[in-house]
Amino acid sequence: MPRHFLTILDFSRDEAARILDRAAAMKAADHRSDLLAGKTCILIFEKASTRTRVSFEVAVRHLGGWPIFMTQNDSQLGRDEPIRDTARVLSRYADCLIVRTFGHDKLVDLAGYGSIPVVNALSDAYHPCQIMADLLTMREHSGRLDGLKLAYVGDGNNIAHSIINAAARFPIRVAIASPDGYKPDPAVVAKAREQGADVTITTDPAEAAAGADYLYTDVWASMGQEAEHAARVKIFAGYQINDALLAKAAPGAKVLHCLPAHRGEEITDAVMEGPSSIVWDEAENRLHVQKAILEWVFTAAD
């Protein structure tokens, strides 16, 4: 059976820890290998991308494989052809699918009907590769994860969901501040808590930020929500990471953003460019974490 990576909950706690260890080692060694020699990974992106596309293409090449990039205009994914047909056909051509899409159900169907690994490069429900990179970045800057508090301020979206899942696999505390009507999916929260996640959900950014070691935010209107942008700017006006909110966090707190950032909306330019920002380290770590994830996907379980 192929090994898929659709959410962080696909890892056991031990596997999750080993992925971060491996990513750190790969980064330190500027790792290259022939693990994927002779293998093809198809990147199907229904959403535009800078970091995700480039980091995954480079990761595949660093492991000796060949990436093929396809947009929604280059495939029948979600159009006239059923997902199950696409999954079966591509399974006979390639060795892995790396998919950036809208509905998470597409990833589930590709994994269910295909016979090759599927990696979630982003869906509307989850962004697990991003959060694994964030955790590596936090560990680099703090020297540990155990006991750290991560506060996320903004839309209860795919980033928030994957942060919540991370709390079920890593020894961190998570606080999410979102307006009513924009909170994370209660089912995601409940499932993570059942698996040991320490998660607080609030509408108060100051409450979430209090004593936090890391503050995190994302755009207020994600891709596919452009028509809601003006309304969301008003609703989320009090959910900005700025100097005042940063002052509520622990001394020396750092700031994360998955990028691209709308400076002046969810985060100020002063914070983005200030000494607390570690967003460039965070962006780089996508490459290293994704190499470790691909290695996990293609390596048989012990």
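Some points to look at:
- Taking the criterion of being in contact with an Asp or Glu (Cβ under 7 Å, 6 or more places away or on another chain) and in a loop (DSSP other than H, G, I, E, B), the only residue of region 106-140 that qualifies is I116.
- Comparison of T52, T86 shows that the only residue that is hydroxyl-bearing (S, T, Y), more than 23 Å from Y216 (Cα to Cα) and either at pLDDT below 95 or touching a Leu at 6+ places or on another chain (Cβ under 8 Å) (or both) is T86.
- Selection of first residues in region 138-156 that are modelled with pLDDT of 95 or more and of second residues that are acidic (D, E), restricted to Cβ pairs under 6 Å at least 6 apart or on distinct chains, gives the following pairs, ordered by first then second residue: L148/D213; K149/D213; G154/D218; G154/E266.
Conditions (1) surrounded by fewer than 20 Cβ atoms within 10 Å (Cβ to Cβ); (2) at pLDDT 95 or above; (3) not assigned by TED's automatic domain parsing to the domain that holds A48; (4) not hydrophobic (A, V, I, L, M, F, W, C), marked per residue:
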| residue | (1), (2), (3), (4) |
| --- | --- |
| P186 | yes, yes, yes, yes |
| V189 | no, yes, yes, no |
| T203 | yes, yes, yes, yes |
| Q290 | no, yes, no, yes |
| I293 | no, yes, no, no |
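- Conditions (1) part of a loop (DSSP other than H, G, I, E, B); (2) crowded, with 16+ Cβ neighbours inside 10 Å; (3) within 17 Å of the chain's Cα centre (by Cα): number failed by T52: (1)
- Taking (1) closer than 26 Å to S276 by Cβ; (2) at pLDDT 95 or above; (3) of a type outside the set (G, A, S) in turn, W220 satisfies each apart from (2).
- Residues of region 209-232 that are surrounded by fewer than 15 Cβ atoms within 10 Å (Cβ to Cβ) and assigned to a helix (DSSP H, G or I): E226, A227, E228, H229, A230, A231.
- Single unsatisfied condition, P117 versus (1) surrounded by fewer than 16 Cβ atoms within 10 Å (Cβ to Cβ); (2) touching a Lys or Arg at 6+ places or on another chain (Cβ under 7 Å); (3) not charged (D, E, K, R): (1)
- Considering only residues in region 163-208 that are part of a helix (DSSP H, G or I), among the hydrophobic types (A, V, I, L, M, F, W, C) and under 17 Å from the mean Cα position of the chain (by Cα), the one that is farthest from A250 (Cα to Cα) turns out to be V188.
- The residue of region 55-65 that is farthest from Y93 (Cα to Cα), among those that are surrounded by 16 or more Cβ atoms within 10 Å (Cβ to Cβ) and not small (G, A, S), is H62.
- Of the residues making up region 255-275, those that are in contact (Cβ under 8 Å) with a residue 60 or more places away in the chain and over 25 Å from A28 (Cβ atoms) are P260, E266.
- A133 vs. criteria touching a strand residue (DSSP E or B) at 6+ places or on another chain (Cβ under 7 Å), touching a residue at least 12 places away in the same chain (Cβ under 8 Å) and not aromatic (F, W, Y): no
- Scan of region 141-162 for residues that are under 23 Å from T52 (Cα atoms) and either outside the structural domain of E266 (by TED's automatic domain parsing) or assigned to a loop (DSSP other than H, G, I, E, B) (or both), ordered by number: G154, D155, G156, N157
- Members of region 64-105 found to be closer than 20 Å to V297 by Cα, assigned to a loop (DSSP other than H, G, I, E, B) and among the polar types (S, T, N, Q), listed by number: T101
The values are calculated or read from the model by the stated rules, or taken from the named source; none is laboratory data. Since this is a predicted model, take the numbers as computed values, not measurements. A quick note on method: Cβ atoms are made from the backbone with ideal geometry, for glycine too, and the neighbour counts reach across all protein chains shown.
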